[in-house]
Amino acid sequence: MSEFRKTQLLLDHTYDGVKKQHYLNGSLTVLHCHHYTTLYTQLALDANETALLAKTAEETFYGELTAYFEQHDITTLKTKIELACDYYAAVGLGAMEVVSLGDDSGVVTLKSSHVDAGWLKKWGKHTVAVNYIGAGFIAAMFAVITGKPMGSFNAIETSSIVTGSPYSQFSVVRH
């Protein structure tokens, strides 16, 4: 039996019809499709610049999660984990579960992945994992939740939906 959750993710979505811009909790947010994500992921693979995707995601989500937790006075580990997973789903990236989280390491599983779904739809299975955006989000999430600075963690996709696994899994280690 699951425990009742007292805290729910609050998202204030607004749209500026004149500028054609979306905002989530006051931050300009670019809504994208998984086909476009697949194209720029392939571009990063071709240019051997996949770390740039992970770093950009980490920088973006570190700021967003930090601001959200501060604004809503979120302090407990369990609530931070739940809300971070909810945020990942709310921005359309997939269904995330934190299997373990420690000061120096952890494991995260994705039961579904926006990035992988787009890749599979566009090109089919691949020989390597491609979810660098998820890796960046997870690295940011671990840093924020553990109170460490951005860049403290590296998330490595060890199992991937795009390579045929039923789920994606990330091993998280502290630098």
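The values are calculated or read from the model by the stated rules, or taken from the named source; none is laboratory data. In this text the structure is predicted, and so the values were computed from the model without any measurement. Here the Cβ positions follow ideal geometry from the backbone for every residue, glycine too, while neighbour counts run over all protein chains shown.
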Within segment 16-53, tally of residues that are farther than 28 Å from Val130 by Cβ, at pLDDT 85 or above and not in a loop (DSSP other than H, G, I, E, B): 1
Name the pairs whose Cβ atoms lie under 6 Å apart, with the first residue in segment 147-167 and in contact (Cβ under 8 Å) with a residue 12 or more places away in the chain, the second β-branched (Val, Ile, Thr), and 6 or more positions between them or separate chains? Phe153/Val172; Asn154/Val173; Ala155/Ile138; Ala155/Val172; Val162/Val130; Tyr167/Thr109
Just to be sure I understand, how many residues within segment 118-158 are touching a helix residue (DSSP H, G or I) at 6+ places or on another chain (Cβ under 9 Å), surrounded by fewer than 17 Cβ atoms within 10 Å (Cβ to Cβ) and not in a loop (DSSP other than H, G, I, E, B)? 4
Hey, Leu11 hits all of (1) assigned to a helix (DSSP H, G or I); (2) within 17 Å of the chain's Cα centre (by Cα); (3) exposed (fewer than 14 other Cβ atoms within 10 Å of the Cβ) but one; which does it fall short on? (1)
Filter pass, Glu97 being outside any loop (DSSP other than H, G, I, E, B), closer than 25 Å to Gly164 by Cα, without any contact (Cβ under 8 Å) to a residue 40 or more places away in the chain and not aromatic (Phe, Trp, Tyr): yes
